[in-house]
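Chemist: Got a structure for you, written out below as structure tokens; questions coming shortly.
The values are calculated or read from the model by the stated rules, or taken from the named source; none is laboratory data. Worth saying up front: this structure is predicted, and the values here are computed from it rather than measured. Backbone-built Cβ (ideal geometry, glycine too); neighbour counts: all protein chains shown.
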């Protein structure tokens, strides 16, 4: 699975959420419950979460894709452009450490992080459980 695109999702891209149906359903090779470390916030009025760097456990899924085009599609969804000043992006796409639930094996995977200043501008509310429901 080393040649596959790995993406950690923690919000509306998770199974049973609207963006999962639009972007991921039928596209993934594998979906594994997983977690990473960071700080998760609800963005009031927007209805979706943001992950920033931190030390809390954040639960989500590790998705495996065999088509790199998924990154282009998700970059559009998350308002990320690699050639744009990062302060102009809604989210930043970065590689992080992800831990599989069943055996604690770590993986490197892409995810979308939001800068804390931007979270504060949306009056982000910490999700203490680390799980967006």
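Chemist: With the requirement that a residue be within 14 Å of the chain's Cα centre (by Cα) and in a helix (DSSP H, G or I), what does region 12-37 give you?
Modeler: First, pick out the residues of region 12-37 that are within 14 Å of the chain's Cα centre (by Cα): 12-15, 17, 19-20, 23-24, 31-37.
Those that are within 14 Å of the chain's Cα centre (by Cα) and in a helix (DSSP H, G or I): 19, 20, 23, 24.
Chemist: If you don't mind, another one. Of all residues being surrounded by 15 or more Cβ atoms within 10 Å (Cβ to Cβ) and under 17 Å from residue 20 (Cβ atoms) in region 76-90, which is farthest from the chain's Cα centre (by Cα)? Just the residue, please.
Modeler: Filtering first and then ranking leaves 77.
Chemist: If you don't mind, there's one more thing I want to ask. Please go through region 40-68 and give me each residue that is over 16 Å from residue 95 (Cβ atoms) and surrounded by 20 or more Cβ atoms within 10 Å (Cβ to Cβ), ordered by number.
Modeler: To start, the set of residues in region 40-68 that are over 16 Å from residue 95 (Cβ atoms) comprises 40-50, 54-57, 59, 61, 66-67.
Matches in region 40-68: 40, 41, 49, 50, 61.
Chemist: Looking only at region 11-39, count how many residues are closer than 19 Å to residue 71 by Cα and surrounded by 14 or more Cβ atoms within 10 Å (Cβ to Cβ). It would help to see each step written out before you state the result.
Modeler: Start the filter on region 11-39 by keeping residues that are closer than 19 Å to residue 71 by Cα, which leaves 11-15, 17-32.
Narrowing further to those that are surrounded by 14 or more Cβ atoms within 10 Å (Cβ to Cβ): 11-15, 17, 19-20, 23-24, 27-28, 31-32.
Adding up the residues that qualify gives 14.
Chemist: Next question, about the same structure. Any idea which of (1) in contact (Cβ under 8 Å) with a residue 60 or more places away in the chain; (2) more than 20 Å from residue 133 (Cβ to Cβ); (3) touching a strand residue (DSSP E or B) at 6+ places or on another chain (Cβ under 7 Å); (4) assigned to a loop (DSSP other than H, G, I, E, B) is the one residue 80 doesn't satisfy?
Modeler: (1)
Chemist: Please specify each residue of region 1-10 satisfying the condition of being surrounded by 15 or more Cβ atoms within 10 Å (Cβ to Cβ) and either on the phi > 0 side of the Ramachandran plot or more than 15 Å from the chain's Cα centre (by Cα) (or both). Explain how you work it out, then say what you get.
Modeler: We begin by selecting, within region 1-10, every residue surrounded by 15 or more Cβ atoms within 10 Å (Cβ to Cβ); these are 4-10.
Of everything in region 1-10, just one residue is surrounded by 15 or more Cβ atoms within 10 Å (Cβ to Cβ) and either on the phi > 0 side of the Ramachandran plot or more than 15 Å from the chain's Cα centre (by Cα) (or both), namely 4.
Chemist: Residue check: is residue 63 more than 20 Å from residue 127 (Cα to Cα), at pLDDT 95 or above and part of a strand (DSSP E or B)?
Modeler: Numbers: more than 20 Å from residue 127 (Cα to Cα): yes; at pLDDT 95 or above: yes; part of a strand (DSSP E or B): yes.
The answer is yes for residue 63.
Chemist: Could you tell me how many of the residues in region 83-101 are in contact (Cβ under 8 Å) with a residue 24 or more places away in the chain and under 19 Å from residue 9 (Cβ atoms)? Reasoning before the result, please.
Modeler: To start, the set of residues in region 83-101 that are in contact (Cβ under 8 Å) with a residue 24 or more places away in the chain comprises 86-87, 90-91, 96-101.
Those still in the list that are under 19 Å from residue 9 (Cβ atoms) too: 90-91, 96-101.
Qualifying residue count for the region: 8.
Chemist: Can you tell me which of (1) in a loop (DSSP other than H, G, I, E, B); (2) under 11 Å from the mean Cα position of the chain (by Cα) is the one residue 40 doesn't meet?
Modeler: Condition (1) is where residue 40 drops out.
Chemist: Taking residue 74, is it part of a loop (DSSP other than H, G, I, E, B) and either touching a residue at least 60 places away in the same chain (Cβ under 8 Å) or touching a helix residue (DSSP H, G or I) at 6+ places or on another chain (Cβ under 6 Å) (or both)?
Modeler: Numbers: part of a loop (DSSP other than H, G, I, E, B): no; either touching a residue at least 60 places away in the same chain (Cβ under 8 Å) or touching a helix residue (DSSP H, G or I) at 6+ places or on another chain (Cβ under 6 Å) (or both): yes.
The answer is no for residue 74.
Chemist: Look through 107, 102 and report the one residue that is under 22 Å from residue 34 (Cα atoms), within 16 Å of the chain's Cα centre (by Cα) and at pLDDT below 95. Spell out how you get there, then give the answer.
Modeler: Details: 102 fails: within 16 Å of the chain's Cα centre (by Cα).
Criteria check complete, one pass: 107.
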